[in-house]
Amino acid sequence: MESGRVNPSDLHSAEARLRSCASRFPVVEVDSSYYGLPSARKAGLWARRTPEGCVLDVKAFRLFTRFGHIDIAGHGYDADVIIFPDPVQASWSRREGHRLAPEGLRTVLAEKPEVLVIGTGYDGRMQLYGETVDVLRGAGIDVRVATAGSAVAAFNRLQGECARVVAALHLTR
């Protein structure tokens, strides 16, 4: 953490960070396992380095949980997407992962949809800069913002109501 109280900046090795957290908390979560399966060697190191009395919670690999996954027209996507009337812009990314600035929606602005549905993630962690909505509305785009699940439902409903609806979906938290 930035405060340095949980993972002080002088702890440079993974082992030192694990021991530091485990000395302060009864449960420590491994987040990296969500993004890729750990090797048997790495998992063994985690087990050996976790002090007795501390639980090491290993986050499930994302392809097992399907968290951060969406199926669109028979194709699966495991990264944020922008859904246009015809193509899907796969692996949509922003300069700041959980902050959406106007430049992150250049392709949407070029498309000029009637409605843009923005999915802010499973629990709404992605935030929009205030100017983002202003720029979109200034371009004549009706903007709808919701968590990912609600955004998908709104997008599906609006497809039957609008000729040009686009969804920009942040799929994880």
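Derivation of every value follows stated rules applied to the coordinates shown; laboratory data play no part. All values derive from a computational prediction rather than experimental measurement. For neighbour counting, all protein chains shown are included, and Cβ atoms are generated from backbone atoms with ideal geometry for every residue, glycine included.
Assorted remarks:
- Computed per residue of the chain from DSSP H runs no shorter than four, each worth -39500 (n - 2.57), the mean residue ellipticity at 222 nm is -8500 deg cm²/dmol.
- Computing FRET efficiency as 1/(1 + (r/R0)^6) for Lys59 and Arg106, where r is the C-beta to C-beta distance and R0 is 30 Å, gives about 0.35.
- Rounded Å value of the spacing that divides the Cα centres of the stretch 72-95 and the stretch 19-38: 30
- Loop-exposed chymotrypsin sites (Phe, Trp or Tyr not before Pro) per DSSP, neighbour cap 16 Cβ within 10 angstrom, longest uninterrupted part of the chain: 1-60
- FRET efficiency for the pair His75 and Phe25, taken as 1/(1 + (r/R0)^6) with r the Cβ-Cβ distance and R0 = 45 Å, rounds to 0.65.
- Model label sites at Arg49 and Ser13, defined 7 Å from Cα along the beta-carbon direction, differ in position by 0.8 nm.
- Between the stretch 111-146 and the stretch 148-173, the alpha-carbon center distance in angstrom: 11
- Two-site FRET efficiency, Glu114 against Thr147, from Cβ-Cβ distance with R₀ of 22 Å, rounded to 0.05: 0.50
- Cα-based helix-to-principal-axis angle, 148-159 vs the chain, degrees rounded to 10: 20
- Solution diffusion estimate, µm²/s, Stokes-Einstein, the chain, Kirkwood Rh from C-alpha pairs, 37 °C, viscosity 0.692 mPa s: 178
- Each Lys or Arg adds one and each Asp or Glu takes one away; over the other residues whose Cβ falls under 10 Å from the Cβ of Ala16, this sums to +1.
- Environment charge at Glu96 (Cβ cut-off 14 Å; Lys +1, Arg +1, Asp -1, Glu -1): +1
- Relative contact order [Cα under 8 Å, 6+ residues apart], the chain, whole percent: 20
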